[in-house]
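Single-structure report; data block below.
No value in this document is a laboratory result; all are computed from the given coordinates. Bear in mind that the values here come from a model prediction, so they are computed numbers and not experimental data. For neighbour counting, all protein chains shown are included, and Cβ atoms are generated from backbone atoms with ideal geometry for every residue, glycine included.
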Amino acid sequence: MNPPAALLPALRAIVGDAHVLTEGDLTGYELDWRKRERGKSLAVVRPTSTAQVAQVVQACAAAGVSIVPQGGNTGMVVGSTPDASGTQLVLSLTRMNAVRALDGGNLTITVEAGCVLQSLQEVCEKAGFLFPLSLASEGSCTIGGNLGTNAGGTQVVRYGNTRELCLGLEVVTAQGEVWSGLTGLRKDNTGYDLRHLFIGSEGTLGVITAATMKLYPLPKSQLTAFAAVPSLEAAVQLLGLAHQTLSAGLTGFEVMGQFALKLVVKHFPQQRVPFYESSPYCVVLENSDNESDEHARSQFERLLEAAMEAGCVSDAVVAESMAQARALWHIRESIPLAQAQEGLNIKHDISIAVSRIPEFVAKADAALAQAFPGIRLVNYGHLGDGNLHYNVQAPDGQDAEKFLREQEGPVNAVVYALVDAYNGSISAEHGIGSLKREKLEKHKSPVALGLMRSIKTALDPHNMFNPGRMLAARNH
Ligand code: FAD
Ligand code: MLT
Ligand code: ZN
């Protein structure tokens, strides 16, 4: 029998008829968030337990059908949707969303992969703990996807990427076995640390079904400021002052270029954005403290006064309430949505040593303006981590699709040549997916690529998991 034809009844027997989707509108599973590529799945399968995932993997392995693990499908690099062949299975983890255990004494929570990040944050907060991972997509992205991409977000400067927050995983392997590493141990040097292979592997090595994540005490006070800075150099100087003054209290440091903020004002006119008209860049910074609110506030205000005296801040406002703080963060978080509304765009999720960012941006701005007159630069990101979203929008009035078709390659060539020259990374936090696969081949050393292929071949010898994502489908 034709393998897929035998497969679908087997899958229905495992997860139930209602959870093997082959008809109706599957756009949410087949089109990536940025609307860059529309795929076609053989079916979308929605298991509800690790045992079901293992059975689905075994059935697919027997049928020779490949699997695309999917969480909230908010990824930026076309890595969680099927290709156009109609032969790949989307394995959606969103029904696996239970909290299995919260161990306050161990400061850990064990949660299933499909749990939406915001729900996880809320459960932790209700129990009196902080789960610090924070992304603008947190209302839809899942912890499995966060682990799959090693997501960064806006709290990395203090708490690290998702990798640093993870103490253990449960994974279904390509053989359909379950590896359970949910020990919650902070120290365990018993050989290779397998969790780190799966974190950031973008669904190419196994299916993450659950994870044990670190918790932190809820800070007693949290203060947010929005500051206008006269230049990127000034923003970097302010970051240095913030590190010195606030130390581990510095939990967020984001930069936003003027055009990025103009897009927010244009597409979300209800938002009040301070200072942007008179400033090339603005910064959102956050201080979290276990001291009282008054102590934290006076320390924060002293920092901003010192920064003004040093000339690296021209204007600043400190939120007076949680609602005001949310509104200031919301401005920053709205930039990707405003950019999406403005039209198709080219994203560069790059990282460079913080100290060299101003020099990099000056060179890249000049090179792009010269080569592509009228190009619009949407520059913003996690300056505290040396991670910029150095994005590009077509010149005003030009057909964005045509611009991307003709100029994406040449624009990327300019930006990534400079990233290489500055020893940076072509993907700081979004991953590789299929969008950057060829770029990875070009920018990663042959030795590193060889090691990556060896790992892929060892763990997934038949190239069943997310083939063609991250690494080309050949050579395994
Ligand atoms: P998906 O998009 O479904 O999948 C992402 C990758 O992980 C795919 O390769 C998929 O195959 C794999 N995967 C998913 N689930 C599993 C699993 N259970 N086991 C194995 N592999 C799996 N990213 C950042 O890093 N920082 C940001 O600040 C940030 N902000 C964003 C803001 C917006 C508005 C949007 C739309 C996206 C943003 N992202 C950001 C990108 C995205 O939200 C993250 O990459 C997120 O981690 C993806 O989670 P997801 O559940 O949507 O995963
Ligand atoms: C962000 O920091 O807002 C995200 O990574 C999303 C994006 O780059 O569009
Ligand atoms: Zn980001």
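If amide hydrogens are placed 1.01 Å from N in the peptide plane, which non-local residues have theirs closer than 5 Å to the one on Gly468?
Ala473
So if R0 is 51 Å, what FRET efficiency would Ala421 and Ala13 give, r being the distance between their Cβ atoms, rounded to the nearest 0.05?
0.35
List the aspartates and glutamates whose alpha-carbon lies under 16 Å from that of Lys402, not counting same-chain residues fewer than 8 positions away?
By straight Cα distance, Lys402 reaches Glu37, Glu342.
Show that you can apply the helix-only estimate: for the chain, add -39,500 (n - 2.57) for every DSSP H stretch of four or more residues, divide by all residues, and state [θ] at 222 nm to the nearest 500.
-11500 deg cm²/dmol
Calculate one ³J(HN,Hα) per residue across segment 291-307 by plugging θ = phi - 60° into the Karplus curve 6.51 cos²θ - 1.76 cosθ + 1.60, and present them in order as whole Hz with x for glycine and proline.
Each residue's phi maps through the Karplus curve to give 7, 5, 4, 5, 4, 4, 5, 5, 5, 5, 5, 4, 4, 5, 5, 4, 5 Hz.
Let me know the Rg and Dmax you get for segment 315-421 when you use only its Cα atoms, in Å.
When restricted to Cα atoms, segment 315-421 yields Rg and Dmax of 15.6, 48 Å.
With axes computed from alpha carbons, what is the tilt in degrees of helix 232-246 against the longest principal axis of the chain, rounded to the nearest 10 within 0 to 90?
Result, in degrees: 90.
Taking the chain as the reference, fit the longest principal axis to its C-alpha atoms, fit the long axis of helix 400-421 to the helix C-alpha atoms, and give the angle between the two in degrees, 0 to 90, nearest 10.
70
Can you compute the label reach from Ala367? Point 7 Å from Cα along the Cβ direction, backbone N cut-off under 18 Å, restricted to segment 226-260.
none
Could you tell me which of rounded, prolate or oblate describes segment 207-346, using a ≥ b ≥ c as the square roots of the eigenvalues of the alpha-carbon gyration tensor, with rounded for a/c under 1.5 and, failing that, prolate when a/b is larger than b/c and oblate otherwise?
Oblate is the answer for segment 207-346, as a/c is 1.5 or above yet b/c matches or exceeds a/b.
Less than 11 Å Cβ to Cβ from Val265, Lys/Arg counted +1 and Asp/Glu -1: what total charge do the surrounding residues give?
So the environment of Val265 carries a net charge of +2.
For segment 1-67, rounded, prolate or oblate, judged on the Cα gyration tensor with a ≥ b ≥ c (square roots of eigenvalues), a/c < 1.5 rounded, else prolate if a/b > b/c?
Prolate, since a/c reaches 1.5 and a/b exceeds b/c.
Just to be sure I follow: if Rg is taken over the C-alpha atoms of the chain and Rh is the Kirkwood radius over the same atoms, what is Rg/Rh?
Ratio value, two decimals: 0.97.
Using a cut-off of 16 Å between alpha-carbon atoms, which aspartates and glutamates can reach Lys220, once sequence neighbours fewer than 8 places away in the same chain are excluded?
Glu125, Glu286, Asp289, Glu291, Asp293, Glu294, Glu320
Taking the Cβ of each residue in Val411, Val45, Val447 as the centre, tally the other Cβ atoms inside 10 Å and list the residues starting with the fewest.
Val447, Val411, Val45
Can you find, among Pro467, Gly153, Asn387, the residue farthest towards the positive end of the dipole of the chain? Put +1 on the C-beta of Lys and Arg, -1 on that of Asp and Glu.
Pro467
Between Thr27 and Lys266, how high is the FRET efficiency from 1/(1 + (r/R0)^6) when r is the Cβ-Cβ distance and R₀ = 25 Å? Nearest 0.05.
With R0 = 25 Å, the Cβ-Cβ based efficiency is 0.40.
Quick one: order Lys444, Lys456, Lys187, Lys266 by neighbouring beta-carbon count within 10 Å, fewest to most.
Listing Lys444, Lys456, Lys187, Lys266 from fewest to most nearby Cβ atoms yields Lys187, Lys266, Lys444, Lys456.
State to the nearest 20 debye the size of the charge dipole of segment 336-441 about its Cα centre, where the only charges are +1 on K and R beta carbons and -1 on D and E beta carbons.
100
Asp193 to Ala340: extension gain in nm, 0.36 nm per residue of separation minus the Cα-Cα distance? Walk me through the numbers on the way to the answer.
Numbers: separation 147, 0.36 × 147 = 52.92 nm, distance 3.83 nm.
Using 0.36 nm per residue and subtracting the Cα-Cα distance, I get 49.1 nm.
In debye, nearest 20, what is the charge dipole magnitude of the chain about its Cα centre with +1 on Lys and Arg Cβ and -1 on Asp and Glu Cβ, if you could check?
1060
Extending each Cα 7 Å along its Cβ direction at Lys126 and Ala248, get the distance between those two points in nm, one decimal.
Label at Lys126, label at Ala248, 2.9 nm between them.
With N denoting the number of residues in segment 220-283, provide Rg(C-alpha) divided by 2.2 N^0.38 Å, to two decimal places.
1.22
Obtain the radius of gyration and the Kirkwood radius of segment 43-129 from its C-alpha atoms and give Rg over Rh.
With Rg and the Kirkwood Rh in hand, the quotient comes to 1.07.
Which lysines, on any chain, are close to Lys214 with Cα under 21 Å apart, when same-chain ones fewer than 8 places away are left out?
Lys126, Lys187
Taking neighbour Cβ counts within 10 Å as the exposure measure, how do Arg186, Arg376 sort from fewest upward?
Exposure proxy ranking, most exposed first: Arg186, Arg376.
Say each of Thr87 and Ala400 gets a label point 7 Å from the Cα, pointing the same way as Cα to Cβ; how far apart are those two points in nm?
Using points 7 Å along Cα→Cβ, the separation is 3.4 nm.
Does anyone have the angle between helix 258-267 and the longest principal axis of the chain? Alpha-carbon axes, 0 to 90°, nearest 10?
Once rounded, the angle reads 70 degrees.
Mind checking the full-extension length gain between Ser180 and Gln324? Use 0.36 nm per residue of separation minus the Cα-Cα distance, one decimal, nm.
Numbers: separation 144, 0.36 × 144 = 51.84 nm, distance 4.29 nm.
Length gained between Ser180 and Gln324: 47.5 nm.
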